[in-house]
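Chemist: First the structure, which I've put down as structure tokens, then a few questions once you've had a look.
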Amino acid sequence: TRAKDGQIRAFQNVCRHRGARLVLKDGRYSVLCCKYHRWGYALDGRLMATPLFSTKEEEEKCSSVAASFEQNSFDKRDYPLLPVRLDTFGHLIFVNLDDHAPPLLEYLGKSTADGGLPGQLSEYL
């Protein structure tokens, strides 16, 4: 995503509430909204809205898992989208799900540190 601050970010495409996919097709979005309970996330990953969140009475009728989301103790700041590693090189954006992988420039090799590009990469810049 690219929020109003201009920073490019990458997140897991999963709602923190029920694990539903957020983005189902390519497009431009001002808010990432879950189709399940309409939780809405800002493009910087913050949870902004939980409009269909159950009432306290409904929670008491539900299982202990649902009860753990008591509204009086629920804080939206605790449920942002989960970030994934992202790096850029020129106009290219690289997303990496492996937290233990080397940094992009290290992976691309020494030639990138000198301003050169490995292999056919220069065709894409």
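Chemist: Around A10, which amide H atoms from residues at least 5 apart in sequence, or from another chain, sit under 5 Å from its own amide H, with H modelled in the peptide plane?
Modeler: Result for A10 returns V84.
Chemist: Just to verify a number: what accessible area does Y29 come out at with the full protein assembly present, 1.4 Å probe, Å² rounded to tens?
Modeler: 90
Chemist: Nearest 0.05, what FRET efficiency do D5 and D75 give at R0 = 22 Å with Cβ-Cβ as r? Please list the in-between numbers first.
Modeler: Numbers: r = 23 Å, r/R0 = 1.03.
Here the calculated transfer efficiency is 0.45.
Chemist: Report, by chain and number, residues whose modeled amide H sits under 5 Å from the one on M48, excluding near sequence neighbours (fewer than 5 apart, same chain).
Modeler: Placed amide hydrogens put G40, Y41, A42 under 5 Å from M48.
Chemist: Right, another one. How far is it, in nm, from the label point at E106 to the one at H37 when both lie 7 Å from their Cα along the line to the Cβ?
Modeler: It works out to 3.9 nm between the two label points.
The values are calculated or read from the model by the stated rules, or taken from the named source; none is laboratory data. This is a predicted model, so every value here is computed, not measured. FYI the Cβ positions are ideal-geometry reconstructions off the backbone, even for glycines, and counts take in every protein chain you see. Protein only, heavy atoms only, side chains kept; ligands, DNA and RNA dropped before computing areas. Shrake-Rupley method; radii C 1.70, N 1.55, O 1.52, S 1.80 Å.
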